[in-house]
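Scroll down for the structure; my scribbles are underneath it.
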Amino acid sequence: MTQTMLEPVSPSPAPKPEPAPVVEHKRRRTLPSAIGEPMVWLTGGALTICLTMIVLLFTMVIINGTTTFWPRPIERLELLSGEIVLGIETQHEKATRETEDRTLYRVGNRDIGQQSYRWINDSDVVERTTPEDAVMLEREAWGVWLGIPDQILRADPLAEEPEIIAQGSGAYFEAFDELHAQARADRDEVEQLKKKELGRINSKMARARLNVQQAEIDAARDETELYRFSTPVWVGLAFLALGCIGCLIRFKNYGTEMGSPVARQGKLLRASASMVFLALVTALWVGSPWAGSDLTESDIAMMNAQLLEREQVLQEQYDEVLTRIREIEEYDATLRVSVIEPTSDQFAPTSQTLADQHLHMSQIVRQVRPNTMGFGEKLGVYLSRWWEYLSTFPREANTEGGVYPVIMGTVLLTLLLTIVVTPMGVIAALYLREYAKQGLVTSMIRIAVNNLAGVPSIVYGVFGLGFFCYTVGSYVDVGPSESTRMAVGNWWTLLVVSTMVLIGAIATRLWSKPNPGKLPSAMNIALQRFSWLIWAVGVICVVMLVAGTPYFHGMFEARSSSGTPTFGARGLLWASLTLALLTLPVVIVATEEAIAAVPNSMREGSYGCGASKWQTMRRIVLPGALPGICTGAILAMARGAGEVAPLMLVGAVKLNQDLPIDSEAPFLHADRSFMHLGFHIYDLGFQSPDSQAARPLVWTTTLLFLSIVFALNLIAIVLRSKIRSRMAGPTV
């Protein structure tokens, strides 16, 4: 029987689901604001505007500053009135409703009563030529002289008529160069003799007189009220001070072990010994039995006799130098030039008061013939003018000559303020960021520092004048004033009280700290706050000790009594301290940011290796923050160099022949006033007696100022880059 196999029935396929209807959404256009395109254009446009303004500013300064010394042709103008004018074109104006086309000419010759610049309408000019024999004489005084050379004369005082060395333009030009070089060499020798030799002799005389005057003041001072130790007492106190040193050495390691129960006692013992030692040293210094003046009337008489002998010797040297100067000047006065001004047919005079005498050859700084010069000759004159500008002293109310003392004053001030403000700012920022407890007081200090950056600079100038110049400077010169000088007994009592208060402040501070491993209690917090109060009282006592001491009468009492204060007046030192105070917030903020940028992992690694807090700061944090510190110093340098308002109050002057740095000890004279490029620009632009002549120099001085600031900043940036690359180490 055959069995049939039934095939399995395959399941029927499931019906396919119908696709859902596709809903077409209308695509919305993306707004430009969503992708920030308007802001991109806005920020790019703002950047373009800023860069354009900066480029235009520098372009204007460079163009106007570099063309000041280029020789320009001298034009001879014949006017409708028949007047003949020699002038150098400096500016041209197009016609307006009120004026015609006109040109501004520099005509010089101020010493014969005419204006040095003159506007001439173009329609009034009949003929305009450039004569080859026209010259411009740059003189020591009264500006330039434009004219036609006529003669070179030798005026003999014994002869009725001067000897004519050269007659006519041709002979004049042939003989001028050699004679002028010799005349200028003689004048330079006279200037060196007056400045160096006579200045050295006068300085020696002044010092000798001040020494005698100071001795007379010391001898006349009544010191009977000043307490002095007897010799045995002084020796006993000296041994006591040595005992304090021995105590410090003996207990140097007492209580210094980590977690030692006598740590507080050890610190208090060492601090107390230090305070007592300082008090004893102060007492030994002011109460020394040999500190008073032992001069008698016979000693003063002997010093006066020695002074007379010294003055006689110095007077003989002074007369010898004067004789040499007179010989050179007498010979120099014989050589003269005659250069005729065509308008009035008048020759260049010696001075405005000596209009009947010809100009001395040595009074001519430079003679320029621009109408016959080629490019090479003009370039030589241009470079010689730049060298004169950078290497000589100013003259003619700063409208002529150079700016050498101005450059020196600016550079010295900038370097001094950088040297002062950088360590001060770094120390303050390091304490605020790493050591100070972050709380309300620290936050208020940071707010105050940030607000100080917005205080007007003139406020710093007023503070510097009142505090540094008139308070600190006067104290250095003559000591405490009569109103602040304390009685001797009160001063010694205050010395003892100050020592005890400071020891109490240290003890309170030590006992305000909780025991290791415990949280601070209410008593610890109260003691900590009370310690700050005691510290404040101690600092006030120390300030009163210094400000009211009856044992200090100043370092320059004799000089101040003659009416010439040393540090009690405006000077380079007080100006640098004022600007350091002004730029201090910049350094503090930049240093704090740089310290905060140092990774915490580097600190933790240092602590893990057993380094202390200070070792970590010195080896890890400060080197890592050094580029940021340099940035703060650069910003402080840039801001301090450009400040003018405070300098007008604390040190900058219009003209100063004595540089703050010279070859005489102590070489850097921080008590002297100085010249500054910023103040010099202000003086040229707004205080000059001849504004038209000073206008080109304003641009040139501005260009020089920008170049110096740029050079100083560039040097600092290069140093910062080298430090940063050295810290980064070699790359693999």
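The values are calculated or read from the model by the stated rules, or taken from the named source; none is laboratory data. What you are looking at is a predicted structure, and each value in this text was computed from that prediction instead of being measured. Because the Cβ atoms are built from the backbone with ideal geometry, glycine has one as well, and the counts that use them run over all protein chains shown.
One table, with the values for the structure above:
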read-out: Residues of the range 104-134 that turn out to be farther than 22 Å from residue 351 by Cβ and outside any strand (DSSP E or B), as a count; value: 8
read-out: Evaluation of residue 394 against (1) crowded, with 20+ Cβ neighbours inside 10 Å; (2) in the same structural domain as residue 691 (by TED's automatic domain parsing); (3) farther than 30 Å from residue 528 by Cα (one fails), failing number; value: (2)
read-out: Residues (among the aliphatic types (A, V, I, L, M) and either surrounded by fewer than 18 Cβ atoms within 10 Å (Cβ to Cβ) or outside any loop (DSSP other than H, G, I, E, B) (or both)) located in the range 397-413; value: 397, 406, 407, 408, 411, 412, 413
read-out: Any hit, the range 543-566, residues being at pLDDT below 85, part of a helix (DSSP H, G or I), over 29 Å from residue 646 (Cβ atoms) and not charged (D, E, K, R); value: yes
read-out: Qualifying positions in the range 93-108 - more than 14 Å from residue 123 (Cα to Cα) and either among the aromatic types (Phe, Trp, Tyr) or in contact with a helix residue (DSSP H, G or I) (Cβ under 7 Å, 6 or more places away or on another chain) (or both); value: 105
read-out: Selection from the range 24-78 of residues that are outside any helix (DSSP H, G or I) and modelled with pLDDT of 85 or more; value: 67, 68, 69, 70, 71, 72, 73, 74, 75, 76, 77, 78
read-out: Those residues of the range 434-445 which are free of Cβ contacts under 8 Å to residues at least 60 places away in the same chain and surrounded by 12 or more Cβ atoms within 10 Å (Cβ to Cβ), in sequence order; value: 436, 442, 445
read-out: Among (1) part of a helix (DSSP H, G or I); (2) surrounded by 17 or more Cβ atoms within 10 Å (Cβ to Cβ), the one test that residue 419 misses; value: (2)
read-out: Residue count, the range 512-529 (criterion: in a helix (DSSP H, G or I) and loosely packed, with under 15 Cβ neighbours inside 10 Å); value: 5
read-out: Filtered residues of the range 334-376 (kept if in a helix (DSSP H, G or I) and either surrounded by 18 or more Cβ atoms within 10 Å (Cβ to Cβ) or out of contact with any strand residue (DSSP E or B) (no Cβ under 6 Å at 6 or more places or on another chain) (or both)); value: 361, 362, 363, 370, 371, 372, 375, 376
read-out: Identity of the residue in the range 46-91, more than 20 Å from residue 702 (Cβ to Cβ) and of a type in the set (Ser, Thr, Tyr), that ends up surrounded by the fewest Cβ atoms within 10 Å (Cβ to Cβ); value: 81
read-out: Of all residues in the range 156-184 being out of contact with any Leu (no Cβ under 8 Å at 6 or more places or on another chain), aliphatic (A, V, I, L, M) and not in a strand (DSSP E or B), the one that is surrounded by the fewest Cβ atoms within 10 Å (Cβ to Cβ); value: 158
read-out: Members of the range 644-668 that are more than 17 Å from residue 407 (Cβ to Cβ) and either under 13 Å from the mean Cα position of the chain (by Cα) or of a type in the set (Gly, Ala, Ser) (or both); value: 645, 646, 648, 650, 663, 665
read-out: Leading residue by the ranking (farthest from the chain's Cα centre (by Cα)) among those in the range 185-221 that are buried (at least 16 other Cβ atoms within 10 Å of the Cβ) and more than 30 Å from residue 560 (Cβ to Cβ); value: 186
read-out: Scope the range 68-83; condition among the small types (Gly, Ala, Ser) and either under 15 Å from residue 118 (Cβ atoms) or within 36 Å of the chain's Cα centre (by Cα) (or both); matching residues; value: 81
read-out: Residue within the range 699-708 that is in contact (Cβ under 8 Å) with a residue 24 or more places away in the chain, within 17 Å of the chain's Cα centre (by Cα) and under 23 Å from residue 420 (Cβ atoms) present; value: yes
read-out: Qualifying positions in the range 447-479 - more than 27 Å from residue 553 (Cα to Cα) and either touching a Gly at 6+ places or on another chain (Cβ under 6 Å) or among the β-branched types (Val, Ile, Thr) (or both); value: 447, 449, 455, 458, 459
read-out: Residue, farthest from residue 625 (Cα to Cα), within the range 681-726, restricted to residues that are of a type in the set (Ser, Thr, Tyr) and in a helix (DSSP H, G or I); value: 691
read-out: Among the residues listed as 335, 307, the single one being at pLDDT below 90 and farther than 30 Å from residue 206 by Cα; value: 335
read-out: Single match in 216, 189 (criterion: touching a residue at least 60 places away in the same chain (Cβ under 8 Å) and farther than 27 Å from residue 329 by Cα); value: 216
read-out: Residue satisfying condition, being within 30 Å of residue 459 (Cβ to Cβ), aromatic (Phe, Trp, Tyr) and touching a Cys at 6+ places or on another chain (Cβ under 7 Å), within set 574, 532; value: 574
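Yes/no per residue for (1) within 18 Å of residue 701 (Cβ to Cβ); (2) outside the structural domain of residue 597 (by TED's automatic domain parsing); (3) touching a residue at least 24 places away in the same chain (Cβ under 8 Å):
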position	(1), (2), (3)
632	no, no, yes
643	yes, no, yes
648	yes, no, yes
654	yes, no, yes
666	no, no, no
670	no, no, yes
677	yes, no, yes
689	yes, no, yes
